[in-house]
1. Given the options VAL70, VAL26, VAL34, state which has the largest fluctuation in a GNM of the chain using a 10 Å cut-off (strictly under) for Cα springs.
2. Rank ILE137, ILE50, ILE91 by mean-square fluctuation in a GNM of the chain with C-alpha springs under 10 angstrom and give only the top-ranked residue.
3. Work out which trypsin sites (Lys or Arg not before Pro) in the chain are exposed loop sites (DSSP not H, G, I, E or B, at most 14 other Cβ within 10 Å) and give the longest gap free of them.
4. Expressed as a whole percentage, what fraction of the accessible surface of the chain belongs to carbon and sulfur atoms when a 1.4 Å probe is rolled over the protein heavy atoms?
5. Grab the Cα-Cα distance for SER113 and THR135, subtract it from 0.36 nm times how many residues apart they are, and report the gain in nm with one decimal.
6. Return the subset of LYS9/LYS55; LYS132/LYS166; LYS11/LYS66; LYS9/LYS61; LYS55/LYS102 for which the Cα-Cα distance in this structure is over 21 Å, preserving the input order.
7. Could you tell me the relative contact order of the chain? Use alpha-carbon pairs under 8 Å, at least six residues apart, and round to a whole percent.
8. Mind checking the log10 I(q)/I(0) for the chain at q = 0.10, 0.12, 0.20 Å⁻¹? Debye, one equal scatterer per Cα, no solvent, two decimals.
Amino acid sequence: RLHLETNYKLKGGLFKKPYRIYDRTVYGSSLPLVAEFPDLGNSDALSFVISPGEKGTYILKDLVWKGEKVEKTYSFTPGDTLQTAAGRIVISTPGYQQNTPKLEGDLLVSRSSYYGAARSYSGRLNVSLSDKMATVISLTFNDVNTERATDVLNMLINIYNENWIKDKNLITNS
(Lines give C-alpha, C1' and ligand atoms only; values in the text may rest on other atoms or scores of the structure.)
Protein backbone atom coordinates (compact mmCIF):
# COMPACT_ATOMS: atom_id res chain seq x y z
CA ARG A 1 0.00 0.00 0.00
CA LEU A 2 2.85 2.39 0.74
CA HIS A 3 5.09 1.18 -2.13
CA LEU A 4 7.99 0.77 0.26
CA GLU A 5 9.83 -1.40 -2.25
CA THR A 6 10.74 1.80 -4.13
CA ASN A 7 13.24 4.24 -2.63
CA TYR A 8 14.09 7.73 -3.85
CA LYS A 9 17.24 9.69 -3.05
CA LEU A 10 18.29 13.15 -4.15
CA LYS A 11 21.93 13.01 -5.07
CA GLY A 12 24.42 15.43 -3.59
CA GLY A 13 24.40 18.01 -0.86
CA LEU A 14 26.72 18.88 1.99
CA PHE A 15 26.40 17.37 5.41
CA LYS A 16 27.54 19.30 8.46
CA LYS A 17 31.01 18.62 9.79
CA PRO A 18 32.92 16.58 8.66
CA TYR A 19 31.52 18.06 5.40
CA ARG A 20 30.82 15.02 3.30
CA ILE A 21 28.61 14.50 0.25
CA TYR A 22 25.40 12.61 0.97
CA ASP A 23 22.22 11.35 -0.66
CA ARG A 24 18.99 12.57 0.96
CA THR A 25 16.08 10.12 1.07
CA VAL A 26 12.82 11.66 -0.14
CA TYR A 27 9.36 10.24 0.44
CA GLY A 28 5.73 11.35 0.45
CA SER A 29 5.33 15.12 0.41
CA SER A 30 8.98 15.66 -0.58
CA LEU A 31 8.76 13.49 -3.73
CA PRO A 32 9.04 15.39 -7.02
CA LEU A 33 8.23 12.28 -9.12
CA VAL A 34 7.00 8.72 -8.50
CA ALA A 35 7.71 5.60 -10.53
CA GLU A 36 5.49 2.58 -11.16
CA PHE A 37 6.62 -0.72 -12.62
CA PRO A 38 3.59 -2.61 -14.03
CA ASP A 39 5.68 -5.40 -15.63
CA LEU A 40 8.02 -6.22 -12.73
CA GLY A 41 7.46 -9.28 -10.60
CA ASN A 42 7.70 -9.51 -6.82
CA SER A 43 11.33 -10.66 -6.96
CA ASP A 44 12.53 -8.10 -9.54
CA ALA A 45 14.82 -5.21 -8.62
CA LEU A 46 16.26 -2.31 -10.61
CA SER A 47 17.66 1.18 -10.26
CA PHE A 48 18.04 4.30 -12.40
CA VAL A 49 18.65 8.03 -12.22
CA ILE A 50 16.22 10.77 -13.28
CA SER A 51 17.69 14.14 -14.24
CA PRO A 52 15.92 17.36 -15.21
CA GLY A 53 15.90 17.95 -18.96
CA GLU A 54 14.85 20.95 -21.00
CA LYS A 55 11.40 22.59 -21.15
CA GLY A 56 9.64 20.39 -18.57
CA THR A 57 11.18 17.13 -19.70
CA TYR A 58 13.27 14.65 -17.74
CA ILE A 59 15.95 12.10 -18.62
CA LEU A 60 16.00 8.53 -17.30
CA LYS A 61 19.56 7.19 -17.37
CA ASP A 62 21.91 4.69 -15.71
CA LEU A 63 19.28 1.95 -15.68
CA VAL A 64 20.57 -1.19 -13.95
CA TRP A 65 18.47 -4.29 -14.59
CA LYS A 66 19.47 -7.82 -13.55
CA GLY A 67 22.91 -6.54 -12.58
CA GLU A 68 23.62 -5.09 -16.01
CA LYS A 69 23.79 -1.40 -16.88
CA VAL A 70 21.57 -0.46 -19.83
CA GLU A 71 23.29 2.23 -21.89
CA LYS A 72 20.11 3.72 -23.37
CA THR A 73 18.67 6.99 -22.03
CA TYR A 74 15.00 7.96 -22.17
CA SER A 75 13.51 11.44 -22.45
CA PHE A 76 10.01 11.86 -20.99
CA THR A 77 7.43 14.16 -19.47
CA PRO A 78 5.55 13.17 -16.30
CA GLY A 79 2.82 10.66 -17.07
CA ASP A 80 4.67 9.01 -19.95
CA THR A 81 5.08 5.24 -20.12
CA LEU A 82 8.63 4.25 -21.00
CA GLN A 83 9.36 0.90 -22.64
CA THR A 84 12.68 -0.27 -21.18
CA ALA A 85 14.72 -3.48 -20.97
CA ALA A 86 13.01 -4.04 -17.59
CA GLY A 87 9.53 -3.54 -19.04
CA ARG A 88 7.25 -0.55 -18.73
CA ILE A 89 8.11 2.24 -16.30
CA VAL A 90 5.54 4.96 -15.64
CA ILE A 91 6.90 8.13 -14.07
CA SER A 92 4.48 10.80 -12.94
CA THR A 93 4.05 13.60 -10.44
CA PRO A 94 2.46 12.47 -7.17
CA GLY A 95 -1.29 12.88 -7.65
CA TYR A 96 -1.93 13.35 -3.93
CA GLN A 97 0.19 16.51 -3.64
CA GLN A 98 -0.93 20.05 -4.31
CA ASN A 99 2.56 21.59 -4.41
CA THR A 100 4.89 19.05 -5.96
CA PRO A 101 8.55 19.88 -5.25
CA LYS A 102 10.61 20.68 -8.35
CA LEU A 103 13.42 18.30 -9.23
CA GLU A 104 16.59 20.40 -9.15
CA GLY A 105 19.24 17.66 -9.44
CA ASP A 106 19.53 13.92 -9.93
CA LEU A 107 16.99 11.60 -8.34
CA LEU A 108 18.17 8.05 -7.70
CA VAL A 109 15.28 5.57 -7.90
CA SER A 110 15.80 2.03 -6.66
CA ARG A 111 13.19 -0.69 -6.58
CA SER A 112 13.89 -3.71 -4.36
CA SER A 113 12.27 -7.11 -4.50
CA TYR A 114 9.26 -7.38 -2.19
CA TYR A 115 11.15 -9.92 -0.07
CA GLY A 116 14.18 -7.64 0.21
CA ALA A 117 12.01 -4.64 1.14
CA ALA A 118 10.08 -6.68 3.73
CA ARG A 119 13.33 -7.93 5.27
CA SER A 120 14.75 -4.40 5.40
CA TYR A 121 11.67 -2.85 6.99
CA SER A 122 10.97 -5.66 9.45
CA GLY A 123 14.57 -5.37 10.67
CA ARG A 124 13.92 -1.74 11.61
CA LEU A 125 10.68 -2.44 13.49
CA ASN A 126 10.73 -3.04 17.24
CA VAL A 127 7.68 -4.36 19.09
CA SER A 128 7.75 -4.61 22.87
CA LEU A 129 5.64 -4.78 26.02
CA SER A 130 6.33 -2.30 28.79
CA ASP A 131 6.02 -5.15 31.32
CA LYS A 132 4.85 -8.78 31.47
CA MET A 133 1.29 -7.83 32.49
CA ALA A 134 0.86 -5.07 29.89
CA THR A 135 -2.00 -5.15 27.38
CA VAL A 136 -0.52 -2.39 25.25
CA ILE A 137 2.43 -2.85 22.92
CA SER A 138 5.06 -0.28 22.01
CA LEU A 139 5.98 0.07 18.35
CA THR A 140 9.12 1.86 17.20
CA PHE A 141 10.47 2.12 13.68
CA ASN A 142 13.90 3.44 12.70
CA ASP A 143 14.13 5.24 9.37
CA VAL A 144 16.07 8.14 7.85
CA ASN A 145 12.77 9.77 6.81
CA THR A 146 10.38 10.65 9.65
CA GLU A 147 7.35 10.93 7.33
CA ARG A 148 7.92 7.39 6.03
CA ALA A 149 8.46 6.05 9.57
CA THR A 150 5.17 7.60 10.66
CA ASP A 151 3.36 6.17 7.62
CA VAL A 152 4.75 2.67 8.29
CA LEU A 153 3.60 2.71 11.92
CA ASN A 154 0.18 4.14 11.02
CA MET A 155 -0.26 1.50 8.30
CA LEU A 156 0.60 -1.30 10.74
CA ILE A 157 -2.03 -0.01 13.15
CA ASN A 158 -4.62 0.38 10.36
CA ILE A 159 -4.05 -3.17 9.10
CA TYR A 160 -4.24 -4.52 12.65
CA ASN A 161 -7.57 -2.71 13.13
CA GLU A 162 -8.91 -3.97 9.77
CA ASN A 163 -8.02 -7.55 10.70
CA TRP A 164 -9.52 -7.15 14.17
CA ILE A 165 -12.82 -5.97 12.63
CA LYS A 166 -12.80 -8.89 10.15
CA ASP A 167 -12.28 -11.33 13.02
CA LYS A 168 -15.14 -9.75 15.03
CA ASN A 169 -17.42 -9.95 11.97
CA LEU A 170 -16.53 -13.62 11.41
CA ILE A 171 -17.36 -14.41 15.05
CA THR A 172 -20.63 -12.46 14.83
CA ASN A 173 -21.67 -14.19 11.58
CA SER A 174 -20.80 -17.70 12.85
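1. For the chain, modelled as a Gaussian network with Cα springs under 10 Å, the answer is VAL70.
2. ILE137
3. It works out to 133-174.
4. 52
5. 4.4 nm
6. Exceeds cut-off: LYS9/LYS55; LYS132/LYS166; LYS11/LYS66.
7. About 23 percent, as a whole number.
8. Values, matching the q order: -0.51, -0.69, -1.43.
The values are calculated or read from the model by the stated rules, or taken from the named source; none is laboratory data. Small disclaimer: the values here were computed from a predicted structure and weren't measured. Glycine gets a Cβ as well: all are built from the backbone with ideal geometry, and neighbour counts include every protein chain shown. Note: accessible area is taken over every heavy atom of the protein model, side chains too, but ligands, DNA and RNA are not part of it. Shrake-Rupley method; radii C 1.70, N 1.55, O 1.52, S 1.80 Å.
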